[in-house]
1. Looking only at the range 33-50, count every residue that is open to solvent by 100 Å² or more (accessible area, probe 1.4 Å) and under 20 Å from G96 (Cβ atoms) and tell me the total.
2. Those residues that are touching a Pro at 6+ places or on another chain (Cβ under 7 Å) and either buried (at least 16 other Cβ atoms within 10 Å of the Cβ) or at pLDDT below 95 (or both), I need them from the range 166-184; list them, please.
3. Can you confirm whether A105 is touching a Leu at 6+ places or on another chain (Cβ under 8 Å) and at pLDDT 90 or above?
Amino acid sequence: MASARSAMLQALLLAVALAAAPGVLSDPPPLQDFCVADLKAATAVDGFPCKAPSTVVDDDFFSDAMVAAPRTDTNPFGVNSTRATVSVFPGLNTLGLSITRTDLAVGGLNPPHSHPRGSELVLVLKGEVMVGFTSATNRLFTKVVKENELYVVPRGLQHYQLNVGTGDAVFMAMFDAQSPGLVTPTLALFATEPAMPMEVLTKTFLMGEDDVTAMKSKFAGF
């Protein structure tokens, strides 16, 4: 009995330690009330340096980026995302959160992608959106999410959003990181600078060079 209690106590202490450790959070906790990003600072840090408190104004904590509905006909996927991350919303600096509005045309797709620095909480505002992600064991989890419903995507996993309704769809994606990052596999393979070696692509996709070249041409300009 004593050994069982000791094991439970050790497990509890470990859980508390992990919960309190900044390293297990997407962003570390802030050390002051606010640290409005100085986007013009010459010194590069992991994030942004703070503006002098005397120069901080009300609008540093305000953004109207989500107000206007963006066009969804400017790309073949029928999607447009408006991001409010620290790079455009300085008041988010060190707070560990950001948000994106995504508009989908009928049949529109937010192609598979991942956010290496943040988990994503999806809130559908309009329409019906199929949200799906794949685990490290290649298992697909998916659900059609309707208005005012939520779906969570764990940090770093490949996921997508597809409009399966009869009209346009809109959803908000909330992140536990001020700059969650964005990695889209198709672009990471076919639209890099410099170009990914042809041998890597042909062996990865079991294709000939002509097929790979045709695939790459579809992503030129992205």
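1. 2
2. Answer for the range 166-184, where residues must be touching a Pro at 6+ places or on another chain (Cβ under 7 Å) and either buried (at least 16 other Cβ atoms within 10 Å of the Cβ) or at pLDDT below 95 (or both): G181, T184.
3. no
The values are calculated or read from the model by the stated rules, or taken from the named source; none is laboratory data. Bear in mind that the values here come from a model prediction, so they are computed numbers and not experimental data. In this analysis, Cβ positions are derived from the backbone assuming ideal geometry, glycine residues included, and neighbour counts consider all displayed protein chains. With ligands, DNA and RNA removed, areas are computed over all heavy atoms of the protein, side chains included. Shrake-Rupley method; radii C 1.70, N 1.55, O 1.52, S 1.80 Å.
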